[in-house]
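Trainee: Structure incoming, see below.
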Amino acid sequence: MIEQLTYIHRQMKQRGIEVDYESQYDFTLTGEEGGERELDFQNQFLFLLNKSALPIGTSIISDTNSIVVEGLNVSEDNVEEFSGRININLPEKKADGSDLTRDDVFNFLFYHIIPR
Amino acid sequence: MPHFFFQTIRARVRNPYLPVDISTRLPLHLTRIVGIQCRYCSGIERIRPAITAEIIPRIGWFTLAANNRKRPLGVFDVRYERPWIDANDGYQEIDVAIQGGSMITGTYNNELQYPYGQAPVSNPAGGAIQAGLVIGDGSLGNIYWGAGGDFGTPIAYDGLFFETLKVSPTDIAIVNPATATNYDGYIVAIYLKCLGDTNLNRS
């Protein structure tokens, strides 16, 4: 098991990046609003902490990393790193084939790091 | 004495919906990246229905970082060209010092979606095609994939590229590589023009 914050700080240290500010960054997306969000995090880092809680087919595409949640075997302590322009898309349907509605609320939990 | 070395990193796209991870350790004798070229290599010609365009400006893009993620290189588009088209084979100039034996990391994101920008193909069984499922009309080679929409209950999240597959008109086929003639995707590559020294002794 990996402790997520320890992992993030170790990554920053290995790259010689001094942290100026760090905080949690979270928001929710629902099926009602099209399930899309675009974020600008140029020269900053966003670490996704809850990949295993996201619906299958969710895509997060950024200037430095891209993932699609496949749903199987995603560890709870998985950490994914993003930077730059980040585009988040929920899938059109849930795993059981029904459409996403406004009752389907998904929380995205990130750890935000601003380097010095 | 320093020389130019050309390093190739390939990525195979088997599933149009999944990014391909790249994580390659560069040889120790390379010291500097001075040029980069991201190009399509092979495989698209074998996808059925056949692609008709001679040039597609962007079939995907790479995001790359060098020196164990310390040095982001940026985003690089990959275009498709038929073999007989004069390819633009110039290297894009960059100048990045390489740490000894460091990793090149990144992802390749496929953007090539059947029907290649044309109107979505509907299924004989009715409705548009569910993303990720492969649907046949009973004849060899007519495989539809990629467009989103409603097609009953999805059975599985899949979406491999296939050359030929025969399934009944009403089937929603879960792709089974054991029974289908599996087409192994397409290949794109990063060509790095590097400076290096084979006499270099560094660790």
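The values are calculated or read from the model by the stated rules, or taken from the named source; none is laboratory data. Since this is a predicted model, take the numbers as computed values, not measurements. For neighbour counting, all protein chains shown are included, and Cβ atoms are generated from backbone atoms with ideal geometry for every residue, glycine included.
Trainee: Please go through region A:18-40 and pick out each residue that is within 14 Å of chain B (Cβ to nearest Cβ) and either free of Cβ contacts under 8 Å to residues at least 60 places away in the same chain or surrounded by fewer than 17 Cβ atoms within 10 Å (Cβ to Cβ) (or both).
Mentor: Those that are within 14 Å of chain B (Cβ to nearest Cβ) and either free of Cβ contacts under 8 Å to residues at least 60 places away in the same chain or surrounded by fewer than 17 Cβ atoms within 10 Å (Cβ to Cβ) (or both): A:Glu18, A:Gly34, A:Glu36.
Trainee: Test of understanding: among A:Arg15, A:Arg10, which residue is within 14 Å of chain B (Cβ to nearest Cβ), without any contact (Cβ under 8 Å) to a residue 12 or more places away in the chain and more than 24 Å from B:Phe62 (Cα to Cα)? Spell out the reasoning first.
Mentor: Working: A:Arg15 fails: more than 24 Å from B:Phe62 (Cα to Cα).
When all the criteria are applied, what remains is A:Arg10.
Trainee: Another question about this same structure. Is it the case that some residue within region A:70-77 is surrounded by fewer than 21 Cβ atoms within 10 Å (Cβ to Cβ), among the aliphatic types (A, V, I, L, M) and closer than 21 Å to A:Asp104 by Cα? Quick ask: steps written out before the conclusion?
Mentor: Our first condition is that a residue be surrounded by fewer than 21 Cβ atoms within 10 Å (Cβ to Cβ); within region A:70-77, this holds for A:70-77.
Narrowing further to those that are among the aliphatic types (A, V, I, L, M): A:72, A:74.
Still in the list and also closer than 21 Å to A:Asp104 by Cα: A:72, A:74.
Yes.
Trainee: Another question about this same structure. Among the residues of region B:40-55, is there at least one that is assigned to a strand (DSSP E or B), polar (S, T, N, Q) and surrounded by fewer than 20 Cβ atoms within 10 Å (Cβ to Cβ)? Let's see the steps before the verdict.
Mentor: Keep residues of region B:40-55 that are assigned to a strand (DSSP E or B), which gives B:40-42, B:55.
After this cut, where a residue has to be polar (S, T, N, Q) as well, the list is B:42.
Remaining after also requiring surrounded by fewer than 20 Cβ atoms within 10 Å (Cβ to Cβ): B:42.
Within region B:40-55 (the criterion being assigned to a strand (DSSP E or B), polar (S, T, N, Q) and surrounded by fewer than 20 Cβ atoms within 10 Å (Cβ to Cβ)), the answer is yes, since at least one residue qualifies.
Trainee: Between A:Asn107, A:Asn78, which is closer than 24 Å to B:Ala66 by Cα, modelled with pLDDT under 95 and under 11 Å from the mean Cα position of the chain (by Cα)?
Mentor: Details: A:Asn107 fails: closer than 24 Å to B:Ala66 by Cα.
It is A:Asn78.
Trainee: How about region A:50-60: which of its residues are surrounded by fewer than 21 Cβ atoms within 10 Å (Cβ to Cβ) and at the interface with chain B (Cβ under 7 Å from one of its Cβ atoms)?
Mentor: Result: A:Ile56, single match.
Trainee: If you don't mind, there's one more thing I want to ask. Which residue is nearest to the other protein chains (Cβ to nearest Cβ), if the candidates are limited to region B:3-16 and must be at pLDDT below 85 and more than 13 Å from B:Trp61 (Cα to Cα)?
Mentor: Among them, the one singled out is B:Asn15.
Results for (1) among the acidic types (Asp, Glu); (2) under 30 Å from B:Leu73 (Cβ atoms), shown as yes or no for each residue.
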| site | (1), (2) |
| --- | --- |
| A:Asp20 | yes, yes |
| A:Tyr25 | no, yes |
| A:Arg37 | no, yes |
| A:Asn65 | no, yes |
| A:Val74 | no, yes |
| A:Asn78 | no, yes |
| A:Phe82 | no, yes |
| A:Lys94 | no, no |
| A:Phe108 | no, yes |
